[in-house]
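Every read-out reported here was derived from the displayed coordinates using simple, explicitly stated rules and does not represent laboratory data. Since the model is a prediction, treat every value here as computed from it, not as a measurement. A quick note on method: Cβ atoms are made from the backbone with ideal geometry, for glycine too, and the neighbour counts reach across all protein chains shown.
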Amino acid sequence: MGTGAFTAAELDGREANIGVVNDSNGLIGLQSGGSEYVTNTGGSGENELMIDLSSTGGGEGVNPNSTYQVGGLGQFDSSNIDLVPGDPTVDPPVGQVAIDTTTLISEEYAFKVMNQTDSPKDIEVTYNANDEPFPDGTRLFLVAYYPEGGDSSEQEEGLVVGSVANENAKSASIIFDDDQQYSASIGSGKEFFVTILVDVGGAASGTDLGGTLTVRAGSHDDFTNADAGT
C-alpha cells in the first residue's frame, strides 16, 4: 500500500445544482411587502427587489418638505426607538421623524430579508446613494425589526443616509451579527422586516435621493465592524 500521496487527480461527474431564482426564493431572500412602491419586478430580468417612489398615475417622485414612510414601526420599543439608528444617537432619531409608530412592522413593511439557508447567518444591509451628500436636512432611513432577537437592542436596527449629527459605522448599516454588540445573527428559516422613511426636507426639485441597496451575508470581506473604535 502506498502513503496516499499523489501528484494529480480528477474526479468527474459530480452534480452541481446552482439554479438562478427570483430574489424572493434565493438563499438570502428579498421579498417586497404590500406597498406599490416596493416590488420584486426590478432588474433586467424583472425578478429583483426594487424601490420606486413614483407612480403610473403621473407622480414622478416625492414632494419637497415632506415625509414618506413605507411600513409601520408599531413593534418597536417606545423607549428605544429614539436610539435607532446607532450609537451615538442620530439627531433627529427615527422616533422623531416617523409618522406611523402604531402599525405593526411585521404586518406592513417595505420589504423583508429572509435567511433561507440551513444555518444562522450574519446579514448586513447598506444603502449607497447615487448623489452624496444629500442636501442639509434631507435623510433616508431604513429601519429593521428581527422578532427573534433576545431583546430590543438585538431586535431593532437601522441605517440613515443624509444630514445627520453623528455619522458612524453603526448608523450607516443595518447589522445582524452575533459577534457585534447589541446584535444577533439571523437564524435559519428566520426573517427581519424593513421600513423605509424619507425625510425630504428642503431638497430642490430634481434632487436624486436614489441609490443601490446592498445585502451582505456570512463571512463577507466587506462586512462592517460597527464595534471598531468603541
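What is the extension gain from Ser188 to Glu46, computed as 0.36 nm multiplied by their sequence separation minus the C-alpha to C-alpha distance, in nm to one decimal?
48.4 nm
Give me Asp122, Asp199, Asp100 sorted ascending by neighbouring Cβ count inside 10 Å, so fewest comes first.
Asp100, Asp122, Asp199
Test of understanding: what is the full-extension gain from Asn63 to Ile99, defined as 0.36 nm times their sequence separation minus their Cα-Cα distance?
11.4 nm
Using a Förster radius of 30 Å, what is the FRET efficiency between Thr212 and Asn25 based on their Cβ-Cβ separation? Nearest 0.05, please.
E between Thr212 and Asn25, to the nearest 0.05, is 0.90.
Sort largest first and round to whole Å: the equivalent ellipsoid semi-axes of the chain, each the square root of five times a Cα gyration tensor eigenvalue.
Semi-axis lengths for the chain are 35, 22, 17 Å.
Please compute the contact order of the chain in relative form: average sequence separation of alpha-carbon pairs under 8 Å and at least six residues apart, divided by the residue count, as a percent.
Result for the chain is 24 percent.
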